Structures are given as structure tokens and as C-alpha cells.
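K.L.:
Before I ask anything, here is the structure I am working with.
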Amino acid sequence: MYRERAAVGIRGAVRWESVSRGGAPARVLPDGCLDLLWSSRAGLLVAGPDRTAHLSTGTAGERWVGLRLPPGVGPAVFGVPAHELRDLRVALVELWGRAAADLADRVDAARAAAEAAPTGVPPGFARPATGLAAASGAVAAVLEGVAVARLRAAGGPDPLGTRVAARLAAGGTVAATAAEVGLGARALHRRSQLLFGYGPKTLARILRMRRALDLAGTGIPLAEVAARTGYADQAHLTRDVTDLAGLPPTRLLTPG
């Protein structure tokens, strides 16, 4: 089970939740984002920006709640350069210390209050899915609240991150993006490492892959998707997606 919805307090951020089935790992594709995570088993974590697909393992029934921050926003929230978290899953306490322990207490209290809310179910009977959904929503609200507060305290995200990510997501070249934001190639690369965890060329590839898979998911043939998203041809699309995602697009788009 996986579902998501737009966050309220941070533009472009997404609240999501899922329940692990166990068995085969879930494939999480790179997206240029950093996530603040809560796991019913592992507690509070940070997911850094991935360069290739991350295979997420979990025990059956393990619940996950996350706040996905748009490209370039995570460093202002977590207080560390993105490249220090690249391809990592890190316990939040390693970054925030006591503040992470305080947040864990707030998450536990919010979850417990939501789970204890009256549901009309007699004692001894299983709580309905709506009770678990309410608890996940309470956790998501706490995560978003702390992210909004930390972002505000940091003076907001670096506006360069928003500009660069938007330009590359729209299909702009790295050279054109550098010229548009008034930076040389080396300066843009350094700033991108801090904001996204990798250089602009890697971010551009990842965002193009996401754009291509979104289009292909609507039923558009892959050859047309390749032409629309700037690949040389369908073979080029297949190679690039396989390199980043670990599977060709035909496999990724096949249910199950």
C-alpha cells in the first residue's frame, strides 16, 4: 500500500505513507529529493538523494510515513549539505541530536492520541484501517510542522535550488541553466552538490527519467516518449532508465 498527497506548508513537498509487504524489496527511484521518514520499526530517519534506485527492505506490516522535500530544499531543513547524505539512510538523531529525540516523543504522542481516538469498535476487536490512517496522518502533520519551522528558521530554501531544479525539470540544458542563473559551470556544479547531492548533469538525467516515466505511464509509446523528453531515440531512453533505475522502462511500467 502506498499513497501520497501534497503537503500544505512547503511548496512542492509531498506527504506519503506506505505499509511494507515483506518479501522482495521495494524499488525507490531517484528523484533529487531528501525525505524525512518515520518507520514503526526504525523510528526517525533521513533519506538522502539517491543516484540510482534504492531497494527498500522492510518487515511485513512495517508502517512508513514520509515528508518528501522538493529538490534543493532538504539542506535548509536538515542543516547539512545534500552531498553528505547522498545514497544514505541516516538516523535523524545523528544530525539533530536531542532535537531528534524530542521530535520522536512528539511523534509518539501524536500517534498514540490518534490511535486512542474513539472509533466505535468494541474492546478486543481489530481497529479499522481508518484508525491507522488517522495515526499516519498525525505523524505526517508533526513531520511537516517541524520541517516548516526549521525551514523558516533557516530563512527559507536557497532560491538557486528552486530555479535550477525547475529549469532542468523543464528540459533545459546544463549550459543554458548555468547561463540563466548567472553561474559558471564549475560554480553551478559546486552549488548543486550542496543543494541536490550531485552535479546538475546527474540531476538533469534523473528529472528527465521521471518525466519520461510519467509520460509512458499514460500509455504513450516509448518511442514518442523518447522524442518528447529529449532522448536520441527509444534505445537511448531504455539505456538511461536502466542505468538509473536498475530496470528497463517496460519492466518498471508493468504492474506487480
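The values are calculated or read from the model by the stated rules, or taken from the named source; none is laboratory data. Model, not experiment: these values are computed from the prediction. Note that each Cβ is placed from the backbone with ideal geometry, even for glycine, and that neighbours are counted across all protein chains shown. Please note that ligands, DNA and RNA were not included when accessible areas were found on the heavy atoms of the full protein model with its side chains. Shrake-Rupley method; radii C 1.70, N 1.55, O 1.52, S 1.80 Å.
K.L.:
For the chain, what is the charge dipole size about the Cα centre, in debye to the nearest 20, if Lys and Arg each add +1 at the Cβ and Asp and Glu each add -1 at the Cβ?
P.N.:
Charge dipole of the chain: 320 debye, to the nearest 20.
K.L.:
Non-local amide H neighbours of residue 62 (under 5 Å, H modeled in plane, Pro and chain starts lacking H): which ones?
P.N.:
Under 5 Å from the amide H of residue 62: 20.
K.L.:
Among 117, 101, 26, pick out the residue whose Cα is farthest towards the positive end of the charge dipole of segment 26-126, where Lys and Arg carry +1 and Asp and Glu carry -1 on C-beta, about the Cα centre.
P.N.:
Value computed over the given set: 26.
K.L.:
Restricting everything to alpha-carbon atoms, can you work out Rg to Rh for segment 129-212 with a Kirkwood hydrodynamic radius? Write out the running numbers ahead of the final one.
P.N.:
Numbers: Rg = 17.0 Å, Rh = 14.8 Å.
Across segment 129-212, the Cα-based Rg/Rh ratio is 1.15.
K.L.:
Further question on the same structure: For the chain, what does the helix formula give at 222 nm: sum of -39500 (n - 2.57) over DSSP H segments with n ≥ 4, over the residue count, nearest 500 deg cm²/dmol?
P.N.:
-15000 deg cm²/dmol
K.L.:
Moving on. Return, ordered by residue number, the residues of segment 142-159 whose backbone nitrogen is under 20 Å from a label point located 7 Å along Cα→Cβ of residue 8.
P.N.:
142-153
K.L.:
Now, a different point. Hey, what's the per residue convex hull volume over the C-alpha atoms of segment 176-256, in cubic angstrom?
P.N.:
108 Å³
K.L.:
Using a Gaussian network model of the chain with C-alpha springs under 10 Å, which one of 203, 37, 222 is most mobile by mean-square fluctuation?
P.N.:
Looking only at 203, 37, 222, the largest GNM fluctuation is found for 222.
K.L.:
Order 40, 192, most accessible first, counting only protein heavy atoms with a 1.4 angstrom probe.
P.N.:
Order by accessible area, largest first: 40, 192.
K.L.:
Under a 10 Å cutoff between Cα atoms, tell me which one of 154, 165, 99 has the largest fluctuation in the Gaussian network model of the chain.
P.N.:
Judging by the Gaussian network model, the answer is 99.
K.L.:
Hey, another quick one. How much length is gained on full extension from residue 223 to residue 201, taking 0.36 nm per residue of separation minus their Cα-Cα distance?
P.N.:
Extending this stretch completely gives an extra 5.6 nm.
K.L.:
Would you mind checking the tilt of helix 98-116 against the longest principal axis of the Cα atoms of the chain, expressed as 0 to 90 degrees and rounded to 10?
P.N.:
So the inclination is approximately 60 degrees.
K.L.:
While we're here: Just to be sure I follow: if Rg is taken over the C-alpha atoms of segment 48-188 and Rh is the Kirkwood radius over the same atoms, what is Rg/Rh?
P.N.:
Reported Rg/Rh (Cα atoms, Kirkwood Rh): 1.08.
K.L.:
Helix 185-196 versus the longest principal axis of the chain: what angle, 0 to 90°, nearest 10, using Cα atoms?
P.N.:
10 degrees
K.L.:
List the residues whose amide H sits under 5 Å from the amide H of residue 31, counting only those 5 or more places along or on another chain, with H placed 1.01 Å from N in the peptide plane.
P.N.:
Under 5 Å from the amide H of residue 31: 50.
K.L.:
Still on this model: For segment 115-256, just say rounded, prolate or oblate: build the C-alpha gyration tensor, square-root its eigenvalues into a ≥ b ≥ c, call rounded for a/c under 1.5, and beyond that prolate if a/b exceeds b/c, oblate if not.
P.N.:
oblate
K.L.:
So what does the Cα-only Debye profile of the chain read at q = 0.09 Å⁻¹, as log10 I(q)/I(0), no solvent term?
P.N.:
Here the Debye-derived log intensity ratios amount to -0.44.
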